[in-house]
Amino acid sequence: MKLNLYYIFNRSLLFSLVWIIIDGVFRKWVFPQWSTPIFTIKYILFGLLYGVFFFHTHFFVPRIKYFYQVVIAILIAWCTLYLFYSVFPTSLLVKVFGIINYLFFIPLTLVVPYYFNSLGRIEALIKFLAYISIPIFIIGIVQYFLPTDHILNYLPNEDQKINKVAEFTRSLSIFSFVKIYNVYLLFIISTFTSYIFYLINAGRNSWFYVTLLVFAILNMFMTGSRLPLFVSLAFIVIICTFIFFQIKAMRKSILVTAIVGLCLSSLLYNYSNTMKTAVDAFFKRIEFVEAVAEKGIKNYSAKSRLLDRVTIFKYSEQAGLLGFGIGTTYQGTGSVLVNHRTDVPFEEEGERVVLEIGVIGGVILLLLRFFILIYSLNVLLKIKDIQFALLIIPFVIYLIPSVLFLGNNTFNYFDGYSYWFSFAMIIAIANIYQSKNLQGV
């Protein structure tokens, strides 16, 4: 019997995309005693997906056409060298986990465009995200008002500290960490914002997505996370500003939407007790954190955290050109570096990257993200069709924070997945647009 690899590929891709969103349900509530094994399932699923794709398409090495592909090849080579290098004695497993952190989701740039080869499939994806977000948002809101020891607020990692937003519990919905939920919300907010204008331009009803966008922003307030909230609001402003200046036909829509949005925000804050509670508690938490930072108890001020994120070469002198070895700061391997260098209080992604793969590795990763963004912006600016531009905008915008190391693409699997998935969607939309133009000719 001959296997239908195309059918298996389609089903395995869809299942993998769903699983990476819902695996927290099984880790937290269904099989909490098997949290660690369940965590690895996503890697098995995507690994099998890559295998099926390569066997089906016989596509192993892409043709080098763009400079970002050269930098990807350099990063792969650089990370592979660390199988044979480490300052500290570490197991092969630590090195393998380290390489997975940096490289595992890169094949999405080949796999995703192969499946998402039409606007219909892309719209189906957004519709799926809309419907799956309904229970996710509801759970997030319910959690916020429940005690921290309630089953819905169970955390699979017993070492996690349960933080609060004022007297309320920080929401993380079905996800196993607040930071993962932040990433999901950031992706949803940027995607739905642009898709609302896509629907308006097509003369279709957009109120369902407007409602979901409001709930997404409410949930972001309920996570109590400062940077993700301000980045998500910045995304909305950037998307609207870009559309206003680059798509003249939609200027009126932008102005009307902005006015309606401000009025709606004011009404929700003044007449919705849930929204008012979440917003007030969020700013109360900010005041508390800043007050603690001023007293020198913990340096969690917004300014210090932001500076820590963007100064990725902070420990370049300690790390040197090569670093201490890949995987040595990864939380899943016991943080080998902590046991040897307790004088290096690393936390942010950029600091950890340079400590692991050195100044050279940090430069390579920085250049990779920069050239990916340049390529993506170039694709966006070349698109003349409004519907294609509106679909691709959120994915391009989503790449910006990573250039500044404001995210955690390397050490947060969902952050890394969403980054490479966004870039893969840019490639997919560019391919569809190019194919349409060729057919038009």
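The figures follow:
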read-out: Sequence-separation-based contact order of the stretch 1-77, relative, with Cα cut under 8 Å and 6+ spacing, percent; value: 33
read-out: Potential lengthening between ASP385 and ASN273 on full extension [0.36 nm per residue; Cα-Cα distance subtracted]; value: 36.1 nm
read-out: For THR311, net neighbour charge (Lys/Arg +1, Asp/Glu -1) across residues whose Cβ lies under 15 Å away; value: -1
read-out: Peptide ranges 112-122, 213-223 listed from the most packed, as the mean C-beta count within 10 angstrom indicates; value: 213-223, 112-122
read-out: Rough spin-label spacing in nm, given labels placed 7 Å along Cα→Cβ, for PHE313 and ASN431; value: 3.7
read-out: Separation in nanometres of the label points that stand 7 Å from Cα toward Cβ, at HIS56 and SER304; value: 5.1
read-out: Shape of the stretch 358-441, Cα gyration tensor, a/c cut at 1.5; value: prolate
read-out: TRP19-VAL256 pseudo-label distance in nm [points 7 Å out on the Cα-to-Cβ vector]; value: 4.5
read-out: Range in the chain, longest, excluding exposed GluC sites (Glu not before Pro) [loop by DSSP; at most 15 other beta-carbon atoms within 10 Å]; value: 168-346
read-out: Over the chain: helical MRE at 222 nm, DSSP H runs n ≥ 4 each giving -39500 (n - 2.57), nearest 500; value: -23500 deg cm²/dmol
read-out: Options [x] 32, 30, 22; [y] 34, 26, 19; [z] 50, 24, 19 - which one matches semi-axes √(5λ) of the Cα gyration tensor in Å as calculated here; value: [x]
read-out: R0 of 30 Å, Cβ-Cβ distance ILE360-LEU93: FRET efficiency to nearest 0.05; value: 0.80
read-out: Mean separation of Cα contacts under 8 Å (6+ apart) over length of the chain, as relative contact order %; value: 21
read-out: Estimated D of the stretch 62-120 in µm² per second, where Rh is the Kirkwood radius over Cα pairs and Stokes-Einstein applies at 37 °C, 0.692 mPa s; value: 242
read-out: Full-extension gain in nm, ILE44 to LEU264, via 0.36 nm per residue minus C-alpha separation; value: 74.8 nm
read-out: Ordering of 199-210, 239-250 by burial proxy (mean other Cβ atoms within 10 Å per residue, highest first); value: 239-250, 199-210
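Only the coordinates and a few stated rules stand behind these numbers; no lab work does. Note that the structure is predicted; figures quoted are calculated from it, not measured. Reconstructed Cβ throughout: ideal geometry from the backbone, glycine too, with neighbour counts over all protein chains shown.
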